[in-house]
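The numbers here are math on the coordinates, done by the rules we state, and not lab data. These numbers come from a predicted model, not from an experiment. Cβ placement follows ideal geometry from the backbone for every residue including glycine, while neighbour counts extend to all protein chains displayed.
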Amino acid sequence: MIANIGLASCGIAAGAEDIQKALHKKGIKTKTVGCIGACHLEPIIEFKKEDYETIIFCSVKTKDLSEILKALKSGKLHRKILAKRKDGKEWYPKVKYIEDICFYKKQQKILSHRCGIIDPADVDEYVKSGGYDGLQNAIKMKKEEVIAEVEKSGLRGRGGAGFSTGKKWSFVKNAKERPFMVCNADEGDPGAFMNRILLESDPLSVIEGLTIAGYAINARQGIIYIRSEYPLAVERLKHAIKNATKKGFLGNNILNSGFSFDIEIKLGAGAFVCGEETALIASLEGKTGRPHPRPPYPTDKGLLGKPTVINNVETLACVSLIMAKGSGYFRKFGTETSPGTKIFSLSGALKKTGYIEVPFGIKLREVLEIADVKEDEFKVMHLGGPAGSCLPKELLDLNLDYDSLKSVNATLGSGSMILLNHDQDMVEFAKNMMAFNVSESCGKCVPCREGTKRMLELIEKILRNDGKPEDLVTLEHIASTVKDTSLCGLGQSASNPLISILKYFKGEYIDKLQGAISIANDLAMYRIIEVKCTGCDKCSEVCPMKAIRGKKFEVHQIDEARCIKCGRCSKICPVKAVDLVKMERAI
Amino acid sequence: MSTKTIIVDGNEVKTDKEMLIDAIKDIGIKVPSLCHHPDLKPWAVCRLCIVDVDGKIVTSCNTQVREGMKILTHSERILDERKMNLKLILANHPFACESCIRNGYCELQKLAEEMNVKKEEIQGETRNLKSDYSSLSIVREPNKCILCNRCVEACDKQHISILEYNGRGFKTIIGPAFDNILSNTPCVSCGQCALHCPVAAITERNQTREVMHAVNDPTKHVVVQIAPAIRVSVGESLGLEPGTVLTEKLVTALKMLGFDAVLDTSTGADLTTMEEAHEFIERLKNNEKERLPLITSCCPGWVNYCEFFQHDFIKNMSTCKSPHMMLGALIKTYYAKEKNIDPKNIVVVSIMPCTAKKNECNRVEMKNDLMRNVDYVLTTRELASMLKMTGIKVDQLQESAFDNPIETASSAGVMFGATGGVAESVLRTAGFMLTGKKLKKLEFESLRGMKGIKIAEADLDGKKIRVAIVHGLGRTDDLLKQIKSGEVKVDLIEVMACYGGCIGGGGQPIPTTKELIQKRMDAIYKIDDNSELRTSYENPNIQSAYYKFLKEPGSDISHKYLHTRYFTRDPYNP
């Protein structure tokens, strides 16, 4: 019997290391694996007894272990069984296969199929499951042919811009100097952890992709620029690189092809802006991570003045797949202009957090199904973090791919999906996204440095109910200038969340403006229902005008003269004791 | 540069300029900009120079001209977004125009006027940073900074690089690393930063009040001297054509301001020429290989730079003080005796195109007999502000002569203001000292002009002298590397810290660009062309000074009053 312990960051955070120790005490062999995607169910332990099908247990606690082992001995059901895998002698007939459970039914795990299955840094396991097929195929082809194959696959950069990867590689085809090949692992979007998952669970797929890319563009040196806030990923990468080199998949004369390639790991130092190509290059050169205007593009003049190709982690994983199974296979998934699959990370107001891998073109509605979010609880899905945009109920039937999103002025971003329900104040959310951009702006150009700060101040002013209708106009004005005239991608997309929230939820802003309330609700008053009030004081805490009086545990009262009818007390009252009373006009 | 055809606002235009902003300027449209400076590399951060190129908004300062580009320079969207960016800059800029040193020649102020912008719709947090008054020459006011990077680039060009971005985002401050103050850095006070700043974030230290106080003190005899560069430059700050020569009218103006006597620093330059030519010939005669090539020492920016960063070349420096220092020393001795004035009551004020001299006159070595050689240094800009404050219209005044006993200067002394001028003046006198006769040809064209490093062989009627002329400290660094490696072998090097020489100095009128420096330079050489007295040794006032007081060049008295010494300084422990 061997137990595969989910030991990506999610599993470790849930306490899987203790479970591993406990299993060792009981004499059970364990294997470290990554994350299968259902992070909300960690710790996830998969037991392989002899040659029977693997049984997957979820939300395991140390105290469950004796019962679990007993159950496995006799093939008895256990309440913590999640599913089983079709990888051996059939048993547990009542348990579903993992592909058939709700969370996985609509997923297409072609990139992440090894995540949570193999030991992340084990080259032999990687090769046995089809790894390094891509590299073996590539080195038999001419470099131009590899570039052509990737171009044919239609692969688009997964970092957010969605630029054709093959085209980017072709820019250095006739480079006069040897180019550098860089992997951008500086995943900085709040809510995005797709790259982290791949690097912690199947780093070799990225390493292989980087090697293939290096081969195609005639590079000798590969660099992985990874944020220092991912120590586990760094560790697993280092380990994987060491093992790959030992087995001859990196270093001099790889697989006797004449192609030599080494990978160096460089850590970031805590700046979101260093995910931008020119800032990343500056950081690699030891300079402060501030972007430069483009042109010159990195493919012409990049790291140390040499041509440089920078690709995202997930893009490189796709490259391994394309060169292993062919561009035709890759194109079987997704759409014509957005082929392949995308890994999305789910977080926010939902139980089923984790990552999913779905084909492009899937509808937003279907993602809600996977995430088990009911439509009437759904308010908005925010795609792409602080550079992204909101998809409200109206867009439930929107296909998720680069071009469909562009047509509604939205962006895919890097793939972070934050789900929000009706408890979420959209103005507050806009403030959070803007505050991130303010703190991460490098400060070079006027619109981003000054504009994001002023937008944040205006949003905060509106949240304090101090805002006037002119402020909304100024806000929109600044937003469009920042979008149009900023020097780099950070500034150019800093206004996106605000612009899309204003598009679909303007009412939430207007409701908070001064003057707007009295016009709309002149004859309405908020009143506290005395019999219901528990005196918990929550309402007076949120009242921006300090219009609610009352001692703790005594009935509270609203001072109607001060009340601006913003409605926050009513929203927060846990016993629904605040009522909006409409009055008849006295004749 | 090949000629390309572009379409600007619907009109076909042929241009050979590389950058869009220059091509558009050629046809008579000046696209607004703040971080752009014709002498510096484009940085593209103010986002005011945006234009619409084929439907896309780009910054014109760093966009290259391409054949067939369709450009709109002032569509409604462009104007709107330029205004918004300007408003954003103004929202973080103190409302202090009326008391600001750059009132009237501030680029931000000018743009606000031109683009008809009021900032009131954007109000929020502003910076509250400490100003830096630690340096004797340069003042920093980070609250006014618009983060255009020009000072950083200017200091980088000088290979000194003490200014940089600190922090990130809204909290960014441009200044010395680790929030340090200027006096804790190896700043050489060349003032190139202040010369390029579009606002008043980094400026010269203003001492007009102290000077006017001294002028109005009846117990003090205040002598003012004007540098060669001033006469061809100050007109620009007063609305006159670049290159207007105002020498004699300036004398009248200064007398009107209340100065007791007005002297010409060019006479000090004549003194410097005598001493330095003598020193040069001595080193050649005695084959003092270690102290050759002789490097000029009249530029305090260069002296500071050498003491901090080029310790190996301190022994090559001439021991001569700079012209205004020599004249100052002479004023408090020779002049005082001739005029029967107690030197303790004499205040010497130098009007210089230079910020480094404010620092120089405080040096311990620049004192004789317990008195400073020069008490105050004012820049060209400060002179202009004094004239404006008192309403004196220089161009409308009568002409006056400088005061005796040192009223005449040779035009060789005036040439000190331009790069190559010091060497040329020294060679004219050295030629006489070596051959005993006046040189057949006094002009040395190969030493003149804006080329960064000029290496030439001067023929002093048979005696060949190899000369290197360099202006700009970055280029000086490059030249000295070549001297060290043996790649370049010369006998005499003239170093100016500022581009174009003193006429491009840190205290000069703003704006100063290569174009304007050239006009000032042309005016200086025109003075030389039209002058009758063209060599320092022929100057009768200088001859008198030696006869009556100094005895001869290189004498003990000359060494006491007109020569100095240098120190090695640690840039990390200034």
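Just a few scattered comments:
- Helical contribution to [θ] at 222 nm, DSSP H n ≥ 4, -39,500 (n - 2.57), averaged over chain B, rounded to 500: -9500 deg cm²/dmol
- The calculated FRET efficiency for B:GLU288 paired with A:SER129, based on their beta-carbon distance and R0 = 51 Å, is about 0.05.
- Partner shielding of A:474-481 amounts to 4, given as the average count of beta-carbon atoms from other chains within 10 Å of each residue beta-carbon.
- Listed residue pairs exceeding 25 Å between alpha carbons, taken from A:LYS468/A:LYS552; B:LYS337/B:LYS560; A:LYS512/B:LYS171; B:LYS25/B:LYS110: A:LYS468/A:LYS552; A:LYS512/B:LYS171
- Selection from B:CYS148, B:LEU397, B:ILE24 lying farthest towards where the dipole of chain B points positive, charges on Cβ: B:CYS148
- Here the dipole of the protein assembly as shown is about 2960 debye; that uses its Cα centre as origin and unit charges on the Cβ of Lys and Arg (positive) and Asp and Glu (negative).
- For chain B, the longest principal axis of the Cα atoms and the long axis of helix B:380-390 meet at an angle of about 80 degrees.
- Within region B:1-82, the trypsin sites (Lys or Arg not before Pro) that combine a DSSP coil assignment with at most 12 other C-beta atoms in a 10 angstrom radius are B:LYS30, B:ARG66.
- Expected 222 nm ellipticity per residue - DSSP helices of 4 or more, -39500 (n - 2.57), all of chain A, to 500: -10500 deg cm²/dmol
- Spin-label pair A:LYS576-A:LYS173: with each label point 7 Å from Cα along the Cα-Cβ axis, the two points sit 6.6 nm from one another.
- Computed FRET value (nearest 0.05) for A:ARG85 with A:LYS393, which takes r as the C-beta separation and R₀ as 35 Å: 0.45
- Available extension along the chain between A:ARG294 and A:SER260 is 9.1 nm, counting 0.36 nm per residue and deducting the alpha carbon span.
- Rounded Å value of the spacing that divides the Cα centres of region A:379-455 and region A:229-249: 34
- For chain A, a/c is not less than 1.5, where a ≥ b ≥ c are the root eigenvalues of the C-alpha gyration tensor, and a/b does not top b/c. That puts it in the oblate class.
- Pairs exceeding 30 Å between alpha-carbon atoms, taken from A:LYS105/A:LYS483; B:LYS464/B:LYS484; B:LYS157/B:LYS255: A:LYS105/A:LYS483; B:LYS157/B:LYS255.
- Taking every alpha-carbon pair under 8 Å whose residues sit at least 6 apart, region A:341-421 reaches a relative contact order of 38 percent.
- At 1.306 mPa s and 10 °C, Stokes D of region B:4-91 from Kirkwood alpha-carbon radius, µm² per second: 122
- Simple Cβ-charge dipole of region A:141-252, Lys/Arg +1 and Asp/Glu -1, about Cα centre, in debye nearest 20: 420
- Gyration tensor (alpha-carbon) shape descriptor, chain B, a/c threshold 1.5: prolate
- Region B:1-63 and region A:78-150 have Cα centres lying 54 Å from one another.
- Among A:331-340, A:20-29, sorting by the average number of other beta carbon atoms lying within 10 angstrom of each residue, highest first, gives A:331-340, A:20-29.
- Separation between Cα centres of region A:471-496 and region B:65-79, rounded to whole Å: 21
- Semi-axis lengths, Å, region A:519-582, gyration tensor of Cα atoms, sqrt of 5 times eigenvalues: 18, 12, 10
- Couplings 3J(HN,Hα) for region A:172-182, derived from phi with the Karplus relation 6.51 cos²θ - 1.76 cosθ + 1.60 (θ = phi - 60°), are 9, 4, 9, 5, 7, 10, 5, x, 9, 10, 10 Hz, where x marks Gly and Pro.
- Contact order for region B:1-148, expressed relative to its length and based on alpha carbon pairs under 8 Å spaced 6+ residues apart, stands at 21 percent.
- Nearby lysines by direct alpha-carbon distance to A:LYS551 (threshold 22 angstrom, same-chain neighbours under 8 apart not counted): A:LYS532, A:LYS538, A:LYS565, A:LYS571, A:LYS576
- Taking 14 Å as the cut-off, the amide N atoms of region B:469-494 that come nearer than this to a point 7 Å along the Cα-to-beta-carbon line of B:ASP312 belong to B:477-489.
- Region A:341-421 shape via C-alpha gyration tensor axes, a/c threshold 1.5: rounded
- Sparsely packed loop sites in region B:91-181 (the trypsin sites (Lys or Arg not before Pro) outside DSSP H, G, I, E and B with at most 16 other Cβ atoms within 10 Å) comprise B:LYS118, B:LYS119, B:ARG127, B:LYS130.
- Label point distance in nm, A:ASP100-B:MET389, each placed 7 Å from Cα along Cα→Cβ: 9.3
- Packing rank of B:401-412, B:503-514, where each peptide gets the mean count of other beta carbons within 10 Å, highest leading: B:503-514, B:401-412
- Measuring nothing but alpha carbons in the protein assembly as shown and taking Rh as the Kirkwood radius, the Rg to Rh ratio lands at 1.08.
- FRET efficiency, 1/(1 + (r/R0)^6) with R0 60 Å, evaluated for A:GLU336 and A:GLU377 via beta carbons: 0.95
- Helix A:452-463 axis, angle to chain A major axis (alpha carbon atoms, nearest 10°): 40
- Positive-end ranking of A:SER164, A:GLY275, A:PRO190 along the dipole of region A:123-330, with charges on Cβ about the Cα centre, is headed by A:SER164.
- Pairwise label distance in nanometres, B:ASN103 with B:ARG127, each label 7 Å out on the Cα-Cβ vector: 2.2
- Inter-chain Cβ neighbour count for B:121-131, averaged per residue, equals 3 (cutoff 10 Å, partner chain atoms only).
- The long axis of helix B:473-485 is offset from the longest Cα principal axis of chain B by roughly 60 degrees.
- The mean sequence distance of close C-alpha pairs (under 8 Å, at least 6 residues apart), as a share of the length of region A:393-484, puts its relative contact order at 20 percent.
- Restraint check, A:LYS332/A:LYS379; A:LYS106/A:LYS325; A:LYS29/A:LYS128; B:LYS41/B:LYS451, Cα-Cα greater than 27 Å: A:LYS332/A:LYS379
- Dipole of region A:248-400, positive end: most advanced residue of A:GLY388, A:ILE370, A:PHE261 [Cβ charges, Cα centre]: A:PHE261
- Inter-chain shielding of B:161-172 (mean C-beta neighbours from other protein chains, 10 Å cut-off): 5
- If only the Cβ of Lys and Arg carry +1 and only the Cβ of Asp and Glu carry -1, the dipole of region B:400-481 around its Cα centre is close to 380 debye.
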